[in-house]
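What follows is a single structure, written as C-alpha cells, with notes after it.
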Amino acid sequence: MSIVKLVMAREPLPAGPSVFLAGPTPDKSNPVPSWRPTALKILTEQWAGPQTLTVLSPESRNGVRADRYETQVDWETDARAAATAILFWIPRDLKTMPGMTTNVEFGLDATSGRAVLGIPDDCPNPERNRYLAYVARRHGVPVRTTLPGTVTAALNLIAN
C-alpha cells in the first residue's frame with residue numbers, strides 16, 4: 001500500500017520523495033476554493049511508489065498564517081529546493097488568483113530539471129500563461145493542460 005503524507009507551510013521537511021505544489025494560493029480578501037486538495041487527492045490515487053510520498057503545500061494548516069512574511073517565503077524556498085518534483089499548476093485568474101509570485105518561482109525553477117508546468121486551457125486568463133509555456137518548452141519542462149496530467153508528469157520525474 002502506497003502512502004502519501006501532507007506537509008503544510010512551515011512544518012518540518014522530511015527526507016524521501018516529495019512533490020511541492022507550486023501555484024497561486026487563494027487570497028483571504030477574495031476567497032475561492034484552493035486547487036491543492038484536488039491535487040493531493042490525485043497524487044494519492046496515482047502514487048504507487050514503495051516509499052511514502054510527501055506532498056509539500058505552501059498553504060497554512062488550519063489557516064494559521066506565518067508570523068512574518070519572510071518566514072513563509074523562506075519555508076517555500078527551502079521546500080521547493082528539497083522537493084524531488086515541483087508541480088506548477090496555474091489556473092490563472094487575474095481577479096482571484098493572479099499568481100504573480102508563481103511567475104517568479106517558475107522562473108527560478110524552470111532549469112532545475114524538477115519542474116512540471118500545468119496550465120489549464122479553460123482558466124479565466126490562459127493568455128497570461130503563454131510566456132511560462134514558452135519558457136517551459138524552451139527548457140524541456142513538461143507542459144500539461146489538466147491537473148491529472150500534470151500530476152502524472154510530476155510523478156514521472158520522481159520515478160526516473
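The values are calculated or read from the model by the stated rules, or taken from the named source; none is laboratory data. Computed from a predicted model, the values in this text were never measured in an experiment. Counting neighbours? That spans all protein chains shown, and the Cβs are built from the backbone with ideal geometry, glycine included. Only protein heavy atoms, including side chains, enter the accessible area calculation; ligands, DNA and RNA are left aside. Shrake-Rupley method; radii C 1.70, N 1.55, O 1.52, S 1.80 Å.
Okay, here's what the table says:
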read-out: Long-range HN-HN contacts of residue 115 with modeled amide H, under 5 Å; value: 86
read-out: Phi to ³J(HN,Hα) by Karplus 6.51 cos²θ - 1.76 cosθ + 1.60 over segment 71-83, Hz, x for Gly, Pro; value: 4, 5, 4, 4, 5, 4, 5, 5, 5, 5, 5, 7, 5
read-out: Computed magnitude of the charge dipole of the chain (debye, nearest 20; Cβ of K, R +1, Cβ of D, E -1); value: 180
read-out: Semi-axes of the equivalent ellipsoid for the chain, Cα gyration tensor, largest first, Å; value: 21, 20, 15
read-out: Accessible area in square angstrom per residue, the chain, 1.4 angstrom probe; value: 53
read-out: Per-residue [θ]222 nm for the chain (sum of -39500 (n - 2.57) over DSSP H runs n ≥ 4, rounded to 500); value: -11000 deg cm²/dmol
read-out: Excluding exposed DSSP-loop trypsin sites (Lys or Arg not before Pro) (at most 13 other C-beta within 10 Å), longest clean stretch of the chain; value: 96-160
read-out: Segment 54-85: GluC sites (Glu not before Pro) in DSSP loop, at most 16 other beta carbons within 10 Å; value: 59
read-out: Proximal lysines to residue 95, defined as alpha-carbon separation beneath 22 angstrom and excluding residues fewer than eight positions away on the same chain; value: 28
read-out: Carbon plus sulfur fraction of accessible area for segment 56-160, probe 1.4 Å, in percent; value: 51
read-out: Hits among lysines - C-alpha to C-alpha of residue 41 under 18 Å, sequence gap 8 or more where chains match; value: 5
read-out: Span from the segment 46-101 Cα centroid across to the segment 134-160 one, whole angstrom; value: 17
read-out: Residue with peak Gaussian network fluctuation, the chain [Cα springs, cutoff 10 Å], from 147, 108, 56; value: 108
